[in-house]
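What follows is a set of notes on a single structure, which appears directly below.
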Amino acid sequence: MAARSVCVLGGSGFVGTHLAAALAREGWQVTVPTRNPAAAGHIAMIPSLTLVAADVHDPGQLGPLCAGRTAVVNLVGILNERGRDGRGFRRAHTELARKLVDACRSQRVDRLIQVSALGADAERGPSHYLRSKGRAERLIREESGPDLRWTIFQPSVIFGPGDDFVNRFAGLLRALPVLPLARPRARFAPVWVGDVVTAIMRALADDATAGETYELCGPEVLTLRDIVAMVRGRLRLRRAIVGIPDFAARLQAAVFDFVPGKPFSTDNYRSLTVDSVCRSNGFARLGIRPQPLSALLPKYLS
Ligand SMILES: NC(=O)c1ccc[n+]([C@@H]2O[C@H](COP(=O)([O-])OP(=O)(O)OC[C@H]3O[C@@H](n4cnc5c(N)ncnc54)[C@H](OP(=O)(O)O)[C@@H]3O)[C@@H](O)[C@H]2O)c1
């Protein structure tokens, strides 16, 4: 039997690193395009993984990357853009999804996995992030045609070794005597990266997942303040966590919009105005029992 071959866009990132290792363990040939091979060295040693310097936004490069694959997985995502008008989000999320559908169709790839985000909504999403993710989903549903079978995942915030979310708050708690927290009552259902990877692997293995959208939530619904307090407890730090009112959070975001790297932005603030919790947790339909943050945090954060 020919080896199964998958191209993972965004495969050098947090989720991609865990997914690539799992795919390789299961015998897949994995190709990961990256803008910066030097920064993706951590996955280069995975057996049966090929790292390719490529611009996935260029259809002339995307087509050959997709050609001959059993499946393509799209993990490209950004939380912040360079400007402030949404163009960066549209390019990274919506326009790339269009190019990917075109590339898969023209190269006769028949399986596409799209990792979106909980709360993605083409029309009512409060942020560029959530609207551009929602438009990417809509485009995949409407334009894939009968021969390109897609599955969409909408995770809440994902945690695990190498994550941005928990590690960012851990860094802030270590550095600051008092942590000012925007939207402290925003609710999340943090989801273990290993469970997200298992869901993607299941979709690749099971045709019944084609045409389906799965919300992915961990078993605990926690406020942002709960999560930061849990991280503080794990680090055994005595730090005050001070929720800041919305007008001050908006001001803070407006200032950080102009700080290089945007540690927090107006768009992030807007995303936090909707809870990131499931209406119907897709893990149940996939036969996966998700793991709680409270049990796993001690295993990777010290
Ligand atoms: N982490 C979470 O809590 C979370 C929650 C919900 C949804 N998601 C979604 O899950 C997916 C994976 O998340 P992640 O945390 O693994 O993200 P990540 O660590 O930031 O990795 C994303 C990868 O995408 C590539 N990328 C970023 N911007 C790009 C651009 N403009 N053009 C082309 N490639 C670009 C990067 O690869 P190179 O730099 O190597 O090119 C990067 O390694 C994303 O779509 C994200 O929106 C994540």
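Which residues, taken from the range 84-118, are under 25 Å from ALA254 (Cβ atoms) and aliphatic (A, V, I, L, M)? Matches in the range 84-118: ALA92, ALA117. Restricting GLU220, GLU215 to those that are among the charged types (D, E, K, R) and either touching a Gly at 6+ places or on another chain (Cβ under 7 Å) or at positive phi (or both) reduces the list to GLU215. Restricting the range 80-118 to residues that are among the small types (Gly, Ala, Ser), within 11 Å of the ligand (Cβ to nearest atom) and surrounded by 20 or more Cβ atoms within 10 Å (Cβ to Cβ), the residue that is farthest from LEU23 (Cα to Cα) is ALA92. Of the residues in the range 83-104, at least one is in a helix (DSSP H, G or I), more than 21 Å from TRP150 (Cβ to Cβ) and either among the hydrophobic types (A, V, I, L, M, F, W, C) or modelled with pLDDT of 95 or more (or both). If the condition is being buried (at least 19 other Cβ atoms within 10 Å of the Cβ) and over 30 Å from PHE256 (Cβ atoms), then the range 55-79 contributes LEU62, LEU65, CYS66, ARG69, ALA71, VAL72, VAL73. Taken over the range 9-36, the residue count meeting the criterion of being within 8 Å of the ligand (Cβ to nearest atom) and in contact with a strand residue (DSSP E or B) (Cβ under 9 Å, 6 or more places away or on another chain) is 12.
Residues considered: SER144, SER116, SER156, SER106. Of these, the only one that is hydroxyl-bearing (Ser, Thr, Tyr) and out of contact with any strand residue (DSSP E or B) (no Cβ under 8 Å at 6 or more places or on another chain) is SER106.
Kindly indicate whether GLY77 is within 14 Å of the ligand (Cβ to nearest atom), assigned to a loop (DSSP other than H, G, I, E, B) and under 19 Å from the mean Cα position of the chain (by Cα). Yes; evaluated as a whole, the condition is true for this residue. For the range 232-287, a tally of residues being in a loop (DSSP other than H, G, I, E, B), crowded, with 17+ Cβ neighbours inside 10 Å and more than 16 Å from the ligand (Cβ to nearest atom) returns 2.
Quick one: how many residues across the range 55-74 are more than 20 Å from the chain's Cα centre (by Cα) and not hydroxyl-bearing (Ser, Thr, Tyr)?
Counting residues in the range 55-74 that are more than 20 Å from the chain's Cα centre (by Cα) and not hydroxyl-bearing (Ser, Thr, Tyr) gives 12.
Scanning the range 258-291 for residues that are hydrophobic (A, V, I, L, M, F, W, C) and under 23 Å from GLY160 (Cβ atoms) turns up PHE264, LEU272, VAL277, CYS278, PHE283, ALA284, LEU286, ILE288.
The values are calculated or read from the model by the stated rules, or taken from the named source; none is laboratory data. A quick note: this is a predicted structure, and the numbers were derived from the prediction, not measured. Glycine gets a Cβ as well: all are built from the backbone with ideal geometry, and neighbour counts include every protein chain shown.
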